[in-house]
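Each reported figure results from applying straightforward, stated rules to the coordinates on display, with no laboratory input. If you're wondering where the values come from, they're calculated on a predicted model, not measured in any experiment. Cβ coordinates were reconstructed from backbone atoms using ideal geometry, including for glycine residues, and neighbour counts include every protein chain displayed.
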Amino acid sequence: MAALLEIRGVSAWYGMIRALYDLNLTVEEGGVTALLGANGAGKTTTLRAIINMVRRNGTMVLSGDDISKCATETIVRRGVAQVPEGRGTFVGLTVEENLRLALHTRRSRAAALRDMEMVYDLFPRLRERQKQQAGTLSGGEQQMLAVGRALMLSPRLMLLDEPSFGLAPLVVREIFQVLARINTEQKVAMLIVEQNAALALELADTVYLLETGRVVASGPSDLVRNDEALRKAYLGY
Ligand code: ATP
């Protein structure tokens, strides 16, 4: 498999506080990479660094192109869609209006409308609630909408920040099943940040463990799943 995203020697800062130290990480074309670690390890910061939303240096290469100096909008236009923690939907707009927001960024309106149908097929609950204000959706439905909005950008890579956060186990299962379908059917690669390590390891093929802004272990998720010492030390189970 070829690398879709390569992060080389990336550090990041919030003012004087350094949050990442010389991070190296790869997401393969069509692959799912999980970023695991305790609170404050730098997982969210890594996602922010990729789309240039935090002060950082180092090199980011997307499909062979250096995007280190690109603005957030350019990186998104090149196929990197973010599903932020806290979901980031427009609460005053309806489900349909939230999805339609992406239309003006797409070259083909017909393709975008087909993608909207695909989102409704993946999440029938969103189709039922097309006309409902996003702010009145359940937490699970808002997460579905956030994933749907990212899909409307026709991404090659989705950055997912804690998609299971605050949701009931059954809804989490449903969302992860759809994420797996998006990966296999639409060939969208994913970089996923999760507190629920067991869940993330099921979806991901590759895993990176972060501790205080540094990668402390990485490899195929099978290896991490089967390494009890590593799991106990860094994942708490
Ligand atoms: P969590 O699972 O709690 O979200 P995380 O691994 O995503 O943790 P980050 O949010 O990336 O961790 O935070 C990494 C470090 O950067 C932490 O020490 C955090 O306090 C600090 N940090 C994050 N955001 C800011 C900010 N806006 N201003 C200052 N420091 C920040």
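The single condition among (1) among the hydroxyl-bearing types (Ser, Thr, Tyr); (2) surrounded by 15 or more Cβ atoms within 10 Å (Cβ to Cβ); (3) assigned to a helix (DSSP H, G or I) that Thr74 does not meet is (2). Taking (1) surrounded by 16 or more Cβ atoms within 10 Å (Cβ to Cβ); (2) not in a helix (DSSP H, G or I) in turn, Phe90 satisfies each apart from (1). Of all the numbered requirements in (1) assigned to a helix (DSSP H, G or I); (2) in contact with a Leu (Cβ under 9 Å, 6 or more places away or on another chain), Ala81 misses one, and that requirement is (1). Could you check segment 34-49 and list, in sequence order, the residues that are within 12 Å of the ligand (Cβ to nearest atom) and crowded, with 17+ Cβ neighbours inside 10 Å? Those that are within 12 Å of the ligand (Cβ to nearest atom) and crowded, with 17+ Cβ neighbours inside 10 Å: Leu35, Leu36, Gly37, Ala41, Gly42, Lys43, Thr44, Thr45, Thr46, Leu47, Arg48, Ala49.
Considering Ala204, Ala200, Ala168, the condition of being on the phi < 0 side of the Ramachandran plot and touching a Leu at 6+ places or on another chain (Cβ under 7 Å) is satisfied by Ala200 alone. Restricting attention to segment 115-159, the residues that are of a type in the set (A, V, I, L, M), out of contact with any strand residue (DSSP E or B) (no Cβ under 6 Å at 6 or more places or on another chain) and buried (at least 20 other Cβ atoms within 10 Å of the Cβ) add up to 10.
Mind telling me which of the residues Ala233, Ala198 ends up being more than 27 Å from Ile17 (Cα to Cα) and not basic (Lys, Arg)? Just one listed residue meets the conditions, Ala198. Taking segment 160-171 as the search range and keeping residues that are more than 16 Å from the ligand (Cβ to nearest atom) and outside any loop (DSSP other than H, G, I, E, B), which one is surrounded by the most Cβ atoms within 10 Å (Cβ to Cβ)? Only one residue tops the list, namely Val171.
Within segment 156-187, the set of residues being of a type in the set (Ser, Thr, Tyr) and within 18 Å of Ala198 (Cα to Cα) comprises just one member, Ser164.
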